[in-house]
Amino acid sequence: GAMCALPVAISLAADLSAPERRGRSLLLLSLGKIVGGAAAFAAGGAVFAALDASGERFAGLEPWRAVQLVFAGVSLLLAVPLLFMREPERREVSAETATLVEALAEIWSRRAFLGPLFLGQIGVVLADVAALVWAAPVLTRAYGQQPGDFAGWMGLALLVSGVLGSLIGGFGADRGMKSGRKGGVLTAAVLCALIAIPAALFPLAPNVPVFGVALAVLLLCGSACGLITATALAVVVPNQIRGVCLSAFIVLASIIGFGVGPTLVTVCADLMGGETRLPQALAITGLVVNLISAAGFLTAWRQARRA
């Protein structure tokens, strides 16, 4: 559902704002996603605790299953007002509408810029997903931590890095646009992608605090790059094909990131000798993927400067 709605929301937000303010307009969408995800954990835990304490079966389901049903019902109610909203008048659109084939042809004609940009964003998603999936196992196996020891600070790190990363990405993209320099919208993404390279070595940190800080920096850079990528697409791609382009980026990045990222770490660990090499495998995977991501963003930035 989120993947289907996000391209539409980004396209509408971009159409209603000037190019030099699109980073901040998309910032609101990014913050909503982050805060909503954090609130979901808190609300889900509260609903589960209430159902479990009552001892009653809601709709005859186990408490953890009933939580999903409650969230589905609330989401359905919140979606009803959307049916009564009128779509705002589109501004940046040509007189001719583009079919899917025409939209794909338009996207292909911009492959010199969109290809490296897509590679950079894929790298960000791969690195972040791999880090989120394997951070907890590394803490338990390599640092002797228990879930209760790191659950609190890790949740806070996810929230803070997401919010700060979105702020940096939104304002950084707008600052780059206001500079008037070609490719300025991607300058902050290039810098964040470079910073993420050493941060990817967090599994090899000498202690837990350094581990936590490096992980938060990695996720912060990922959030910033993701928002800047969306802003760059909202600025460069014409409105009539923007939805198709955004959908392709979001869907493919999610499929590849969630499907390939964690598996790469497992394969790397097996090649290095097994589960005992999990920290090294995660560090190597993150390092290589972030190097590729930085190369993608840098190539897209250079291409934008030449265009």
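The values are calculated or read from the model by the stated rules, or taken from the named source; none is laboratory data. Computed from a predicted model, the values in this text were never measured in an experiment. Neighbour counts are summed over all protein chains in view; Cβ atoms, including those assigned to glycine, are modelled from backbone coordinates with ideal geometry. For the accessible areas, the whole protein counts, side chains as well, though only heavy atoms, and no ligand, DNA or RNA atoms are used. Shrake-Rupley method; radii C 1.70, N 1.55, O 1.52, S 1.80 Å.
Charges at C-beta only: +1 for Lys and Arg, -1 for Asp and Glu. How large is the resulting dipole of the chain about its Cα centre, in Debye rounded to 20? Could you put the intermediate results ahead of the total?
Numbers: 21 positive and 16 negative charges, 205 e Å.
Here the chain has a charge dipole of around 980 debye.
I'd like to verify something in the chain: which complete DSSP H helices, judged by Cα projection on the helix axis, reach 15 Å or more and average at least 1.6 on the Kyte-Doolittle scale?
On the way: long enough: 2-15 (19 Å, 1.70); 22-54 (47 Å, 1.10); 63-79 (24 Å, 1.43); 111-142 (44 Å, 1.39); 147-178 (46 Å, 0.74); 187-199 (19 Å, 2.31); 208-236 (42 Å, 2.28); 239-272 (48 Å, 1.50); 278-306 (42 Å, 0.71).
For the chain, where a helix must reach 15 Å along its axis and average at least 1.6, the hits are 2-15, 187-199, 208-236.
List the relative contact order of the chain as a percent without decimals, with contacts defined as Cα pairs under 8 Å and 6+ residues apart. Kindly include the intermediate steps, with their values, before the conclusion.
Numbers: 385 pairs, mean separation 97.1, N = 307.
Across the chain, relative contact order equals 32 percent.
Considering the values [x] 11; [y] 16; [z] 20, which represents percent of Cα pairs over 38 Å apart as calculated for the structure under consideration?
Looking at percent of Cα pairs over 38 Å apart for this model, the match is [z].
Have a look at LEU77, ASN290, VAL235 and report the one farthest towards the positive end of the charge dipole of the chain, computed about the Cα centre with Cβ charges (Lys/Arg +1, Asp/Glu -1).
It is VAL235.
With every protein chain kept in place and ligands, DNA and RNA left out, what is the accessible area per residue of the chain? Probe 1.4 Å, answer in Å².
53
Quick check on the chain: helices-only [θ] at 222 nm, where DSSP H runs of length 4 and up contribute -39,500 (n - 2.57) each and the sum goes over total residues. Nearest 500, please. Don't skip to the end; give the middle numbers.
On the way: 10 runs with 243 residues, N = 307.
Rounded to the nearest 500, it is -28000 deg cm²/dmol.
What percent do you get for the relative contact order of segment 187-287 when only Cα pairs under 8 Å and 6+ apart count?
33
With the full set of protein chains in place, find how many percent of the accessible area of the chain is carbon and sulfur; take the probe as 1.4 Å. Don't skip to the end; give the middle numbers.
Numbers: 11120 of 16170 Å².
C and S atoms contribute 69 percent here.
Estimate the FRET efficiency between TRP64 and ARG306 by the formula 1/(1 + (r/R0)^6), using the beta-carbon distance for r and 35 Å for R0, to the nearest 0.05.
Working: r = 54 Å, r/R0 = 1.54.
The formula returns an efficiency of 0.05 here.
Would you kindly state how much longer the chain becomes between MET85 and ILE255 on full extension, computed as 0.36 nm times their sequence separation minus their alpha carbon distance, in nm to one decimal?
Stretched out fully, the MET85 to ILE255 stretch lengthens by 58.1 nm.
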